[in-house]
Structures are given as C-alpha cells and as structure tokens.
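> Questions regarding the structure given below will be posed in turn.
The values are calculated or read from the model by the stated rules, or taken from the named source; none is laboratory data. Since we're looking at a predicted model, the values are computed, not measured. Methodologically, a virtual Cβ is constructed for each residue, glycine included, from the backbone with ideal geometry; neighbour enumeration extends over all protein chains shown.
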Amino acid sequence: MTTRISAEHALRSAVPDSPELARALAEANVPTLLAAYAHLTQDAAFLELFAQHIRPAYSHPPTDIPAALADVLRARMRRVLTTREGLASAPPTDALIQQIMSVTVGETVEDEFLELVEDQCGFKPWIDRSQVADRPIPPVGFKVIVIGAGLTGMAAATKLREAGYDYVVIEKNADVGGTWYENRYPGVGVDTPSHFYSFSWEIWPDWQHYHPQGADMQNYLLEVAAKYDLRRNMRFNTRVDRLTYDETSGTWNVRVSKADGSTENLVANAVINGHGPVNRLKFPDIPGLDGFSGPVVHTAAWSSDLDVSGKRVAVIGTGASSAQLVGAIAPKVAALTVYQRTKHWVLHNPEIAHEVNQGMKWALANIPTFKEWFRFRVYWGAADGLFANVLKDPAWEGNDLAVSELNEGTRQYALSYIRQKFADRPDLIEKLTPDFPIFSKRIILDNGWFDALRRENVHLETNGIARILPNGIEAKDGTVFECDAIVCATGFNVAKMTGNLVIKGIGGRDLGEEWGEDDPRSYMGMCIPGYPNYFHTVGPNSAPNHAAGQNLISECQVNWIIEALDRTVSQQAKAFEVTQDAFDAWNRKVEARMPEMIWTHPKANSYYNNSKGRVFLSWPWRLVDFFNETRGPAEGSYTLHR
C-alpha cells in the first residue's frame with residue numbers, strides 16, 4: 001500500500017488568488033470544502049465547530065451551517081491555498097481521517113470503512129503492482145484473455161498491465177465502453193452519481209452533471225482508454241464464442257469470431273470474463289411483435305437514424321430505461337402510450353438533472369483533496385449509507401409493505417412525492433403506487449418521468465397487451481393504440497449469465513448446462529470449481545442492489561483475480577481453482593443471509609430473482625464487506641494445479 005498523501009505534497013505550490021478561486025469557494029459544497037480544509041491543516045477543533053450543523057444525507061434539512069461560519073471556512077481556505085500558511089507537514093492520522101468522515105456526513109463512520117475510503121478516494125491509491133519490490137514477475141508466455149472492454153474489462157486491462165501480465169481484451173463492439181457504448185437512446189442516464197461511478201485511480205473532475213448522462217459516461221471511458229493507452233491491447237469487432245480448458249497444458253482454448261465471419265483460435269493461461277449481465281437484450285414475448293409494420297427497437301439497441309419526433313410511439317415497460325426515455329421524448333412525439341406491467345418506486349432526487357456549475361468544477365480540479373472528499377461524500381450518501389433500507393428488522397411490526405422503520409420512512413417519502421406530483425390525478429396515483437417494499441426492486445430516479453405522464457399526449461396503459469397488430473397494439477380490454485414505432489424497454493436476460501458463450505471445463509463440464517437458464521452459482525461472483533483460471537466477473541450474488549457501487553465491485557474483483565494469478569505464478573503452478581468446499585460454504589453463507597434481506601420479502605419479485613424465486617444476483621452485505629473480502633483469496637479456499 002502506498003503512503004498517504006501529505007498536505008504539502010497535495011499543495012506543492014500556492015494557488016493564485018483569482019476570480020476563479022473566489023467563485024469556487026462561493027459555489028463549492030461546504031461540507032466537502034470543510035473536509036479538504038481539515039485534511040490540509042489538520043485543524044480538528046475548527047472541524048468540530050460544524051458537527052452540530054451537519055446531519056445524515058437524507059435528513060431534512062441535511063445541513064444548517066450558519067452563513068457566518070461558512071464564510072469563515074471560505075476565508076481560511078483561501079488563505080491556506082494562496083499562501084500555504086497553516087499547512088500540516090505530516091500526513092493526517094487515521095483518527096483525523098475518520099473524524100473528518102464522521103463530521104462531514106453527520107454520523108459516525110466506523111473504523112472498518114477507513115481502508116475502503118482511502119483506497120477508493122485516492123488518499124492511499126490502489127496498489128500499483130509495478131512498484132512492489134520482490135514481487136514475482138509473470139513468466140514470458142503467460143497470457144490472459146479479457147472478454148469485454150466495458151467498465152470491468154478496462155479495469156482488468158489497467159491493472160494487468162501494471163502487474164506485468166501479457167493480456168489481450170476481446171471486444172465485440174467497435175470501441176470501449178460496454179453498456180455506455182451500446183445504450184444511446186434519448187434520455188439515457190446513470191443512477192449512480194458521477195463522482196463515484198468512475199475508477200478510483202482516475203477520479204474525474206470534469207463531469208457535466210451530478211448524475212452522468214449516457215454520453216458523459218462514455219466520454220469518461222473514452223478519455224480513460226486514451227490516457228492509459230488501453231486500446232493497444234484490445235481487439236475490437238471480435239466476439240468470443242467458446243472456451244475449452246486443456247487439462248494437460250492448463251490453458252484455455254479460446255475461439256473468437258471476427259467481423260468478416262472468420263474464426264480464430266487463441267490460447268490463454270487465464271480468462272477474465274467481463275462481458276457483464278446487461279448486454280443480452282430481452283424482447284417481450286407478445287403475439288404479433290414480428291409482424292408490426294413499423295420499427296421495433298430495444299432501448300439498448302437504439303438506431304441513430306430513428307427519429308420519433310411527431311410520431312405515435314408505444315413504449316413497452318416502465319423500468320429505469322423507460323422512465324428516462326419517456327421523460328426525454330414525451331414533449332417531441334405526437335402521441336405516446338406506455339404499457340406498464342410492473343409498478344416501480346420512484347424517488348425524487350433534485351440532483352438527477354443538475355449540471356455541475358463552474359465553481360464546483362474548478363474546486364474539483366484545483367483544490368487539493370476536494371475531489372477525493374467529494375467522492376467519499378457521494379459514496380456514503382449513495383451506497384453503504386443506504387444499506388439499512390434493505391436489511392429486515394425482525395422487530396418491525398408496522399406493516400407488510402416495509403421491512404424496518406427506516407424503510408417505512410423511505411416509503412413514505414416516495415409516497416409523498418407521488419401524491420404531490422399527481423394531486424389532481426388520483427387515477428395515476430392508483431396506477432403508479434407499488435404494493436411492495438421500496439428497495440426490494442430497482443428504484444427509479446425521476447428525471448422527467450412523472451412530468452411526462454401528466455402530459456395530454458401521454459397515456460399510461462395498465463390493462464396489459466393482448467397482441468401486436470401490424471399498425472398498433474391491442475390492449476387486453478380491446479382498445480387499440482395505432483402507432484408508428486414500438487420501443488421495447490424490457491431489459492436484459494440477466495439470469496443466463498453465460499449468454500451464448502460455451503464454456504467447457506475439466507472433464508468436459510459445461511458451465512452453461514450447470515447454470516441452466518437462470519440458476520448461476522459461483523464463489524464470490526467469480527469462480528467455479530472445475531474451471532481453473534476462469535474468472536467470471538459481475539457474477540452470481542455480487543451485484544450491489546442496495547444502491548450504487550458496481551464500479552467498486554468491478555475493481556475489487558479485478559484486485560482479487562490478480563492476487564489469485566500472482567499466487568499461481570509465485571508457486572510456478574499452471575492454474576488456480578477454487579475448492580468445492582469453499583464454493584459450497586460460500587453459497588450456504590449467501591443462502592443463510594438472504595432471508596434477512598428485503599429481496600426475499602413475500603411481495604418482492606424482480607430480475608434479482610430466478611424463476612424459482614431464488615435471489616441469484618444481489619450481494620447481501622455492504623460494499624465495505626465486499627472490499628474487505630476481496631483483498632485476496634483466503635488460504636485454504638483454492639488449489640493450485642501443477
């Protein structure tokens with residue numbers, strides 16, 4: 001682990017006193033400014049003056065910092081930045097870092113979070129294995145193939161290169177980005193706040209919005225690919241079709257298909273599958289869909305030449321992508337009917353569409369430790385700070401639509417928003433109010449969805465679809481909506497985690513057959529006995545479904561995988577394989593935990609569950625627990641093939 005950055009290192013020279021600095025100090029988030037000031041000066045006494053004025057993120061209001069006290073902070077920070085007077089010479093202690101965390105989020109942050117925050121926020125940046133002395137060097141010819149150049153594949157590429165591994169990334173698309181390369185529908189956006197949904201080693205100050213729009217996210221990934229020269233080890237427009245393990249050599253035979261239709265066989269010592277669960281499009285099984293005379297498009301395969309302006313449009317589905325799309329196109333179309341099968345809880349987040357103002361951008365780019373502390377603040381409010389919402393309270397007796405007092409409070413907050421937005425539309429309140437606990441399914445963050453449903457040219461259809469006609473859609477009550485285009489906002493086949501990829505392990509074992517259509521199981525969402533040196537990232541029970549955090553999960557899994565490869569190399573072994581005992585024990589642990597989680601509530605049923613109701617997708621603990629579990633493979637949990 002690297003040394004924590006000191007204030008003198010962070011602020012190597014004075015910042016010029018300028019109008020830009022003045023604007024940044026005036027517009028910057030005050031608790032974050034306080035955190036940066038306390039980090040730079042180690043003035044714990046001044047920090048504590050704010051403690052009584054900052055409360056947890058979802059309090060009302062979360063802060064009541066007096067204007068005079070905020071002005072004192074701004075003046076002090078200005079003096080420190082422009083003169084370097086008062087800078088602490090040594091790095092802050094663990095105790096001070098923890099005190100800053102607790103004061104600036106308005107609640108106690110326990111010791112267990114310190115290592116995660118320092119890693120994820122760049123105070124002790126994630127280990128660069130190229131700088132580790134006496135580390136075994138991967139032998140010449142030891143090759144790793146990474147499937148997919150999305151978020152996880154790019155993380156793997158970055159860290160494999162640092163670790164000295166020879167690798168190649170195989171990507172089916174024409175460039176990096178994965179989900180954010182593919183999803184280009186109008187209104188596409190990201191639920192996770194921008195300043196957390198990024199790599200911990202590349203904390204970006206240039207976000208345009210607090211929640212990135214799809215293009216923002218893709219631009220970030222494009223810049224990362226360019227900065228780290230990741231394309232050098234990538235093959236685009238190429239798809240991996242089949243993996244076959246050779247027990248004699250301890251290698252994987254990898255068959256790929258190229259854009260011209262030809263195939264090629266590659267050999268790798270290890271395979272990291274980063275193809276992700278949200279790229280296998282799921283279309284609705286509705287009679288007549290293939291016979292519709294106009295365009296039928298899935299949101300994740302939006303055609304660049306599809307213009308719905310002035311058209312009559314049908315949208316099937318009311319999940320997150322539908323809500324984003326409908327909010328964007330409703331003002332442009334002639335008529336829009338949205339077909340709802342499932343109700344979803346909707347939360348009002350005023351930041352969802354907010355642009356980052358120039359003062360805040362300048363602070364993120366130029367005030368030392370500010371972007372790191374802002375990332376922490378976002379992580380706490382959007383991730384583990386929300387975990388209590390998904391944990392059942394055994395003593396809760398309030399009603400069967402919540403699992404705890406906190407969960408009920410969140411439900412009431414969402415209910416008040418529905419009632420406020422549709423005070424004059426009781427019909428829509430009835431149609432939109434869910435009958436299951438909030439957080440038991442994916443939440444929708446409102447970015448024009450509710451406003452769109454109020455429009456005269458928009459109709460929410462809840463009777464279900466009987467069939468698709470050549471010129472429209474017939475609902476089950478017999479009404480017909482004649483339309484020019486149909487958009488399927490119907491999500492992905494998440495449960496079939498191998499997709500169309502054939503994976504043959506020891507003795508001809510077939511992972512697709514073992515997992516079936518919707519029952520995948522693994523160890524830590526990564527490993528399966530019988531498949532040495534095959535690492536399936538973002539796998540079963542590794543999704544952070546309580547809140548934001550897929551970026552952290554991906555980084556942690558890459559870290560664990562490289563540790564596994566390093567142990568293989570250091571012992572001059574052929575391959576790493578998780579033991580059956582460890583696999584079984586892990587799955588028993590997950591199964592024992594799930595009854596305590598909101599996703600097993602009798603009224604909860606979502607794409608987190610398979611056809612038998614088993615929660616196969618969700619990680620049932622906090623992000624900090626995943627971080628701690630993935631510092632490296634546990635001794636006794638694996639064997640090395642020689």
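> Determine, yes or no, whether Ile473 is surrounded by 20 or more Cβ atoms within 10 Å (Cβ to Cβ) and either in contact with a Gly (Cβ under 8 Å, 6 or more places away or on another chain) or not assigned by TED's automatic domain parsing to the domain that holds Ile329 (or both). Outline the logic, then answer.
Details: surrounded by 20 or more Cβ atoms within 10 Å (Cβ to Cβ): yes; either in contact with a Gly (Cβ under 8 Å, 6 or more places away or on another chain) or not assigned by TED's automatic domain parsing to the domain that holds Ile329 (or both): no.
So Ile473 does not fit the description; no.
> May I pose another question? Considering the stretch 605-642 alone, what residues qualify as being of a type in the set (Asp, Glu) and assigned to a loop (DSSP other than H, G, I, E, B)? Spell out how you get there, then give the answer.
So in the stretch 605-642, the residues of a type in the set (Asp, Glu) come out as 625, 629, 635.
The answer is Glu635, and nothing else.
> Now, a different point. In the stretch 111-144, which residues are modelled with pLDDT of 90 or more and of a type in the set (S, T, N, Q)?
The one that is modelled with pLDDT of 90 or more and of a type in the set (S, T, N, Q): Gln120.
> Residues of the stretch 397-429 being assigned to a loop (DSSP other than H, G, I, E, B), more than 18 Å from Trp599 (Cβ to Cβ) and of a type in the set (Gly, Ala, Ser), which ones?
Selection gives Gly398, Ala423.
> On to the next question. Quick one: which residue in Arg235, Arg239, Arg255 is free of Cβ contacts under 8 Å to residues at least 60 places away in the same chain and out of contact with any Phe, Trp or Tyr (no Cβ under 9 Å at 6 or more places or on another chain)? Spell out the reasoning first.
Numbers: Arg235 fails: free of Cβ contacts under 8 Å to residues at least 60 places away in the same chain; Arg239 fails: free of Cβ contacts under 8 Å to residues at least 60 places away in the same chain.
Testing whether each residue is free of Cβ contacts under 8 Å to residues at least 60 places away in the same chain and out of contact with any Phe, Trp or Tyr (no Cβ under 9 Å at 6 or more places or on another chain) leaves just Arg255.
Each row is one residue, and each column tells you yes or no for (1) modelled with pLDDT of 95 or more; (2) assigned to a loop (DSSP other than H, G, I, E, B); (3) not hydroxyl-bearing (Ser, Thr, Tyr).
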position	(1), (2), (3)
Lys431	yes, no, yes
Pro434	yes, yes, yes
Ser440	yes, yes, no
Asn447	no, yes, yes
Asp451	yes, no, yes
Arg455	yes, yes, yes
Ile468	yes, no, yes
Ile473	yes, no, yes
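> Test of understanding: among Thr82, Thr108, which residue is touching a Pro at 6+ places or on another chain (Cβ under 8 Å) and either within 30 Å of Trp560 (Cα to Cα) or among the polar types (S, T, N, Q) (or both)? Quick ask: steps written out before the conclusion?
Values: Thr108 fails: touching a Pro at 6+ places or on another chain (Cβ under 8 Å).
Criteria check complete, one pass: Thr82.
> Considering only the stretch 166-194, state which residues are over 16 Å from the mean Cα position of the chain (by Cα), part of a strand (DSSP E or B) and in contact (Cβ under 8 Å) with a residue 60 or more places away in the chain.
Tyr167, Val168, Val169, Ile170, listed by residue number.
> Within the stretch 68-87, count every residue that is of a type in the set (Gly, Ala, Ser), in contact with a helix residue (DSSP H, G or I) (Cβ under 9 Å, 6 or more places away or on another chain) and in a helix (DSSP H, G or I).
2
> Please verify whether Ala548 is part of a loop (DSSP other than H, G, I, E, B), in contact (Cβ under 8 Å) with a residue 24 or more places away in the chain and within 29 Å of the chain's Cα centre (by Cα), treating the condition exactly as stated. Steps first, please.
Numbers: part of a loop (DSSP other than H, G, I, E, B): yes; in contact (Cβ under 8 Å) with a residue 24 or more places away in the chain: yes; within 29 Å of the chain's Cα centre (by Cα): yes.
Taking the combined requirement at face value, the residue satisfies it.
> From Asn457, Asn399, which residue is touching a helix residue (DSSP H, G or I) at 6+ places or on another chain (Cβ under 8 Å) and surrounded by fewer than 20 Cβ atoms within 10 Å (Cβ to Cβ)?
Numbers: Asn457 fails: touching a helix residue (DSSP H, G or I) at 6+ places or on another chain (Cβ under 8 Å).
That would be Asn399, the only listed residue that is touching a helix residue (DSSP H, G or I) at 6+ places or on another chain (Cβ under 8 Å) and surrounded by fewer than 20 Cβ atoms within 10 Å (Cβ to Cβ).
> Of all residues in the stretch 239-275, count the ones that are among the polar types (S, T, N, Q), in a strand (DSSP E or B) and more than 24 Å from Thr152 (Cα to Cα). Before the answer, list the steps.
Quick first cut of the stretch 239-275, residues among the polar types (S, T, N, Q) only: 244, 248-249, 251, 253, 257, 262-263, 265, 269, 273.
When the remaining residues are screened for being in a strand (DSSP E or B), the result is 244, 251, 253, 257, 263, 265, 273.
Filter once more, so that each one left must be more than 24 Å from Thr152 (Cα to Cα): 263.
Matching residues across the stretch 239-275 total 1.
> Quick one: which of Ser249, Ser262, Ser257, Ser198 is crowded, with 19+ Cβ neighbours inside 10 Å and hydroxyl-bearing (Ser, Thr, Tyr)? Quick ask: steps written out before the conclusion?
On the way: Ser249 fails: crowded, with 19+ Cβ neighbours inside 10 Å; Ser262 fails: crowded, with 19+ Cβ neighbours inside 10 Å; Ser257 fails: crowded, with 19+ Cβ neighbours inside 10 Å.
Going through Ser249, Ser262, Ser257, Ser198 in turn, the sole match is Ser198.
> Something else about it: Just to be sure, is Ala270 touching a helix residue (DSSP H, G or I) at 6+ places or on another chain (Cβ under 9 Å), exposed (fewer than 15 other Cβ atoms within 10 Å of the Cβ) and touching a residue at least 40 places away in the same chain (Cβ under 8 Å)? Break it down stepwise before answering.
Values: touching a helix residue (DSSP H, G or I) at 6+ places or on another chain (Cβ under 9 Å): yes; exposed (fewer than 15 other Cβ atoms within 10 Å of the Cβ): no; touching a residue at least 40 places away in the same chain (Cβ under 8 Å): yes.
Against the criterion (touching a helix residue (DSSP H, G or I) at 6+ places or on another chain (Cβ under 9 Å), exposed (fewer than 15 other Cβ atoms within 10 Å of the Cβ) and touching a residue at least 40 places away in the same chain (Cβ under 8 Å)), Ala270 does not qualify.
> Follow-up question, since we're still on this one. Any residue at all in the stretch 475-498 that's more than 30 Å from the chain's Cα centre (by Cα), hydroxyl-bearing (Ser, Thr, Tyr), farther than 29 Å from Phe387 by Cβ and modelled with pLDDT of 95 or more?
Here is the first cut: in the stretch 475-498, the ones more than 30 Å from the chain's Cα centre (by Cα) are 475-485.
If we keep only those that are hydroxyl-bearing (Ser, Thr, Tyr) too, we end up with 479.
Checking the rest, the ones that are also farther than 29 Å from Phe387 by Cβ come to 479.
Then keep just the ones that are modelled with pLDDT of 95 or more; that gives 479.
Yes, there is a match, as at least one residue in the stretch 475-498 is more than 30 Å from the chain's Cα centre (by Cα), hydroxyl-bearing (Ser, Thr, Tyr), farther than 29 Å from Phe387 by Cβ and modelled with pLDDT of 95 or more.
> For the stretch 486-515, enumerate the residues that are assigned to a strand (DSSP E or B) and either in contact with a Leu (Cβ under 7 Å, 6 or more places away or on another chain) or farther than 18 Å from Thr318 by Cα (or both).
Of all residues in the stretch 486-515, those assigned to a strand (DSSP E or B) come to 486-488, 492, 502-504, 510.
Residues satisfying the conditions are Val487, Phe492, Val502, Ile503, Lys504, Asp510.
> May I ask you to say which residue of Val103, Val117, Val80 is under 27 Å from His536 (Cα atoms) and either surrounded by 15 or more Cβ atoms within 10 Å (Cβ to Cβ) or touching a strand residue (DSSP E or B) at 6+ places or on another chain (Cβ under 8 Å) (or both)? Write out each step before concluding.
On the way: Val103 fails: under 27 Å from His536 (Cα atoms); Val80 fails: under 27 Å from His536 (Cα atoms).
Val117 is the lone residue from the list that is under 27 Å from His536 (Cα atoms) and either surrounded by 15 or more Cβ atoms within 10 Å (Cβ to Cβ) or touching a strand residue (DSSP E or B) at 6+ places or on another chain (Cβ under 8 Å) (or both).
> Could you please give the count of residues in the stretch 104-158 that are under 23 Å from the mean Cα position of the chain (by Cα), part of a helix (DSSP H, G or I) and closer than 25 Å to Arg235 by Cβ?
8
> Given the residues Lys343, Lys361, Lys332, which is the only one that is of a type in the set (Lys, Arg) and either surrounded by 17 or more Cβ atoms within 10 Å (Cβ to Cβ) or closer than 30 Å to Met77 by Cα (or both)? Give the steps one after another, and end with the answer.
Working: Lys343 fails: either surrounded by 17 or more Cβ atoms within 10 Å (Cβ to Cβ) or closer than 30 Å to Met77 by Cα (or both); Lys332 fails: either surrounded by 17 or more Cβ atoms within 10 Å (Cβ to Cβ) or closer than 30 Å to Met77 by Cα (or both).
Selected residue: Lys361, the only one of Lys343, Lys361, Lys332 that is of a type in the set (Lys, Arg) and either surrounded by 17 or more Cβ atoms within 10 Å (Cβ to Cβ) or closer than 30 Å to Met77 by Cα (or both).
> On to the next question. Take Ala585 and decide whether it is assigned to a loop (DSSP other than H, G, I, E, B) and among the aliphatic types (A, V, I, L, M). Can you show your working first?
Details: assigned to a loop (DSSP other than H, G, I, E, B): no; among the aliphatic types (A, V, I, L, M): yes.
Judged against the criteria, Ala585 is not a match.
> Taking the stated definitions as given, is Asp71 closer than 30 Å to Lys574 by Cβ and over 33 Å from the mean Cα position of the chain (by Cα)?
Details: closer than 30 Å to Lys574 by Cβ: no; over 33 Å from the mean Cα position of the chain (by Cα): yes.
Taking the combined requirement at face value, the residue does not satisfy it.
> May I pose another question? Within the bounds of the stretch 299-311, is there any residue that is crowded, with 16+ Cβ neighbours inside 10 Å and closer than 24 Å to Thr479 by Cα?
Step one: list which residues in the stretch 299-311 are crowded, with 16+ Cβ neighbours inside 10 Å, which gives 299-300, 302, 308, 311.
Right, trim to closer than 24 Å to Thr479 by Cα and you get 308, 311.
Yes; the residues of the stretch 299-311 include at least one that is crowded, with 16+ Cβ neighbours inside 10 Å and closer than 24 Å to Thr479 by Cα.
> Restricted to the stretch 195-222, and to residues that are closer than 20 Å to Ile352 by Cβ and acidic (Asp, Glu), which residue is nearest to the chain's Cα centre (by Cα)?
Asp216
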